[in-house]
Amino acid sequence: MRYARKILNRIGIEFSFRLRWAKTAFFPVKITIEPNNDCNFKCPQCQLPYSNKKPVHMSLHSLKEVIGQFPNLSHIVLQGLGEPLLNNDLVGMLRFGEGLGIHMEFTTNGSLLDKKTAVELAKLRNTTILFSLDGASSETFEKMRPGSNFGKIVDNVAYLSALRSAGVAPGLEARVLVTRHNAFEIPEIVVLAKRLGLDSVHLQVGLSDWGRGKAFKCVDSIKVDQEAHSVKVALEEGRKVARSCGIGIHVYYNGYANRKRCNWPWSSTFIASNGDVVPCCVIADATVVKLGNLFETSFEDIWNSQAYQALRRKIAYGDVPAYCKRCYR
């Protein structure tokens with residue numbers, strides 16, 4: 001019965017999106033929850049260095065309170081502005097989600113993955129861990145991740161990978177933000193991911209300004225032209241290498257349009273570490289747009305509030321808000 005209810009809810013979400021309903025009775029089945037909003041790095045391609053937010057770590061108790069407001073969840077991404085491994089409750093959060101039959105996921109820079117934590121993570125069975133593997137050499141990686149130690153991070157990832165039970169669980173993947181600094185290393189990054197025992201490589205081509213126009217100068221200085229010949233060649237070479245060495249590869253591009261609308265306002269949501277509700281994980285900051293707070297108002301009321309309905313109407317009929325335009329062609 002529970003499984004059938006989830007399937008019907010998924011179908012309802014799709015109908016709500018296609019029919020452009022401003023008000024919907026169907027709750028998200030996949031959400032993003034920010035465990036903390038601080039990080040040990042200040043990477044130029046991240047919005048955190050431009051934020052003056054006070055660090056907030058969500059507790060396991062608060063996570064349970066959040067999850068309790070979503071009756072049909074099947075997938076939770078524990079991610080936000082910060083490095084998840086800074087939250088001491090992270091492993092407990094992952095275990096709790098798995099205990100509810102929810103697939104869990106988070107992305108880490110890998111620098112804080114000590115052996116004790118690796119042993120605990122290796123026990124997970126319904127979790128995917130993505131490593132920000134933005135280079136195949138110390139020079140490139142440490143340029144993308146200032147203050148990092150490429151060799152140490154590679155060793156950390158390799159240690160966790162070796163602990164996996166028969167190489168099945170937890171899922172281990174590489175996430176690569178393609179920029180001018182590392183596009184030429186894509187084939188080598190794929191080879192490195194295979195050597196580390198990872199399951200696949202995710203290449204994100206295109207940068208967002210996170211709804212902050214003032215960040216354009218930063219992202220525009222390092223973003224690649226998706227149509228550039230050199231970028232296309234690097235991506236194709238990466239695909240060839242992946243096929244030859246037997247590792248999965250996925251390429252993602254920015255580019256919504258009126259005929260290819262963003263479905264986040266109907267299908268998902270982002271919960272900040274302090275409970276603020278933000279439309280999506282790309283914005284991920286309530287100072288840009290805030291639709292409510294889960295610790296002050298129920299998600300049911302927020303989900304069909306006037307603010308959320310207004311956002312759905314705008315997205316549905318092509319009146320895209322300024323903070324969403326960077327994701328549209």
Exercise. Evaluate the following for residue 204: is it among the polar types (S, T, N, Q) and either under 28 Å from residue 156 (Cα atoms) or in contact with a helix residue (DSSP H, G or I) (Cβ under 7 Å, 6 or more places away or on another chain) (or both)?
Key: yes
Exercise. Tally the residues that are within 30 Å of residue 108 (Cα to Cα) and in contact with a Ser or Thr (Cβ under 8 Å, 6 or more places away or on another chain), restricting the search to segment 14-32.
Key: 5
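Determine which member of the set 40, 52 is free of Cβ contacts under 8 Å to residues at least 12 places away in the same chain and surrounded by fewer than 19 Cβ atoms within 10 Å (Cβ to Cβ). Quick ask: steps written out before the conclusion?
Numbers: 40 fails: free of Cβ contacts under 8 Å to residues at least 12 places away in the same chain.
Of the residues listed, the single one that is free of Cβ contacts under 8 Å to residues at least 12 places away in the same chain and surrounded by fewer than 19 Cβ atoms within 10 Å (Cβ to Cβ) is 52.
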Exercise. Give segment 161-197 a look and list any residue that's outside any strand (DSSP E or B), touching a Ser or Thr at 6+ places or on another chain (Cβ under 7 Å) and closer than 21 Å to residue 103 by Cβ, or say none.
Key: 170, 197
Quiz item: (1) modelled with pLDDT of 95 or more; (2) buried (at least 16 other Cβ atoms within 10 Å of the Cβ); (3) in contact with a Gly (Cβ under 6 Å, 6 or more places away or on another chain): which one isn't true of residue 323, the others all being true?
Solution: (1)
Quiz prompt | Meets criteria (open to solvent by 40 Å² or more (accessible area, probe 1.4 Å), at pLDDT below 95 and of a type in the set (S, T, N, Q)) for residue 9 | solution = no
Quiz item: Would you say residue 311 is modelled with pLDDT of 95 or more, of a type in the set (A, V, I, L, M) and touching an Asp or Glu at 6+ places or on another chain (Cβ under 9 Å)?
Solution: no
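Mind telling me which of the residues 192, 172 ends up being surrounded by fewer than 22 Cβ atoms within 10 Å (Cβ to Cβ), in contact with a strand residue (DSSP E or B) (Cβ under 9 Å, 6 or more places away or on another chain) and aliphatic (A, V, I, L, M)? Break it down into steps so the answer makes sense when it comes.
Details: 172 fails: surrounded by fewer than 22 Cβ atoms within 10 Å (Cβ to Cβ).
Among 192, 172, only 192 is surrounded by fewer than 22 Cβ atoms within 10 Å (Cβ to Cβ), in contact with a strand residue (DSSP E or B) (Cβ under 9 Å, 6 or more places away or on another chain) and aliphatic (A, V, I, L, M).
Please work out if residue 205 is of a type outside the set (Lys, Arg) and open to solvent by 60 Å² or more (accessible area, probe 1.4 Å). Explain how you work it out, then say what you get.
Values: of a type outside the set (Lys, Arg): yes; open to solvent by 60 Å² or more (accessible area, probe 1.4 Å): no.
No.
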Exercise. Please work out if residue 233 is without any contact (Cβ under 8 Å) to a residue 24 or more places away in the chain, among the hydrophobic types (A, V, I, L, M, F, W, C) and either more than 26 Å from residue 129 (Cα to Cα) or not in a helix (DSSP H, G or I) (or both).
Key: yes
Practice problem: Considering every residue within segment 247-257, establish whether at least one is more than 24 Å from residue 35 (Cβ to Cβ), crowded, with 16+ Cβ neighbours inside 10 Å and hydroxyl-bearing (Ser, Thr, Tyr). | Solution: yes
Practice problem: Six or more apart or on different chains, Cβ under 6 Å: which pairs go from a residue in segment 258-272 that's closer than 16 Å to residue 73 by Cβ to one that's at pLDDT below 95 and open to solvent by less than 10 Å² (accessible area, probe 1.4 Å)? Could you list them? | Solution: 270/284
Practice problem: With a cut-off of at least 1 residues that are of a type in the set (Phe, Trp, Tyr), in contact with a Pro (Cβ under 9 Å, 6 or more places away or on another chain) and surrounded by 16 or more Cβ atoms within 10 Å (Cβ to Cβ), name the strands (runs of 3 or more DSSP E) lying wholly within segment 64-153. | Solution: 103-108
Quiz item: Is at least one residue of segment 287-302 at pLDDT below 95, on the phi < 0 side of the Ramachandran plot and open to solvent by 30 Å² or more (accessible area, probe 1.4 Å)?
Solution: yes
Quiz item: When residue 132 is evaluated against the numbered criteria (1) of a type in the set (S, T, N, Q); (2) farther than 21 Å from residue 275 by Cα; (3) in contact (Cβ under 8 Å) with a residue 60 or more places away in the chain, which criterion, by number, is the only one it fails?
Solution: (3)
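The values are calculated or read from the model by the stated rules, or taken from the named source; none is laboratory data. Source: prediction; values computed, not measured. All Cβ positions, glycine included, derive from the backbone under ideal geometry; neighbour counts span all protein chains shown. Just the protein is used for accessible areas: all its heavy atoms, side chains included, with ligands, DNA and RNA removed. Shrake-Rupley method; radii C 1.70, N 1.55, O 1.52, S 1.80 Å.
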